[in-house]
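Student: There's a structure below that I have some questions on.
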Amino acid sequence: MDRDDWTPHYEPPAEPEATGLGRPGMWVRFGVLLLLVLLPVLFLFQAGDRRLGQEGLRGGRLVWGGEVRSFQICGETQVFWLAGPNERMDSIRTSYERIRDARGLEPYSPVFAELRGSASGRRDSGFARDYDGTFDVMEIVTVRGLRPGECDAIEPGS
């Protein structure tokens with residue numbers, strides 16, 4: 001055999017056999033597409049409860065009165081019953097009343113509060129049962145007057 005007559009023999013690798021399930025790469029692309037579609041959908045379904053059980057700093061509208069001690073986190077529709085040790089609740093009530101009186105607000109007018117705590121589900125007893133859940137206050141960061149347009153209320157059920 002002459003060197004000029006010799007040509008390397010190259011056979012490309014065989015294509016994977018179609019087994020009725022399509023091409024193997026198709027399933028990888030399908031899985032990625034499925035994840036890209038399902039993850040945002042799952043996130044949206046959990047968005048309403050993403051704060052339940054998670055401790056954090058939350059700003060919102062605070063209302064205090066005879067049978068009312070509500071907290072609505074800014075941008076949320078849920079309204080929570082405030083819970084915590086008596087000393088902490090007394091401190092929130094005193095701050096609320098001081099601000100309400102200083103600004104000449106009507107009873108049950110909202111003020112702004114920044115509280116560290118965690119939201120939990122609805123309680124079955126007392127006034128708390130009339131709320132979407134309970135916000136357990138661990139720390140009072142600030143209680144002050146509500147500024148115009150700040151933390152505009154989203155009406156429950158909207």
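The values are calculated or read from the model by the stated rules, or taken from the named source; none is laboratory data. Bear in mind the structure is a predicted one, so any value in this text is a computation, not a measurement. Backbone-built Cβ (ideal geometry, glycine too); neighbour counts: all protein chains shown.
Student: Taking the conditions exactly as written (within 24 Å of GLN54 (Cα to Cα) and of a type in the set (Lys, Arg)), does ARG103 satisfy them or not?
Tutor: Values: within 24 Å of GLN54 (Cα to Cα): no; of a type in the set (Lys, Arg): yes.
No; evaluated as a whole, the condition is false for this residue.
Student: Here's something else I'd like to know. Quick one: what pairs do we get from region 104-122, first residue touching a residue at least 12 places away in the same chain (Cβ under 8 Å) and more than 19 Å from SER91 (Cβ to Cβ), second assigned to a loop (DSSP other than H, G, I, E, B) and of a type in the set (Ser, Thr, Tyr), C-beta under 9 Å, 6+ apart or different chains?
Tutor: That search, which allows pairs on different chains as well, returns ARG122/TYR131.
Student: When you scan region 124-145, do you find a residue that is at pLDDT 90 or above, among the polar types (S, T, N, Q) and closer than 14 Å to GLY65 by Cα, even just one?
Tutor: no
Student: Which of the residues spanning region 141-154 are surrounded by fewer than 18 Cβ atoms within 10 Å (Cβ to Cβ), over 16 Å from the mean Cα position of the chain (by Cα) and among the β-branched types (Val, Ile, Thr)?
Tutor: VAL141, THR142, listed by residue number.
Student: Moving to a separate point now. Which ones in region 110-127 are surrounded by fewer than 18 Cβ atoms within 10 Å (Cβ to Cβ) and either more than 21 Å from the chain's Cα centre (by Cα) or in a loop (DSSP other than H, G, I, E, B) (or both)?
Tutor: GLY121, ARG122, ARG123, ASP124, SER125, GLY126, PHE127
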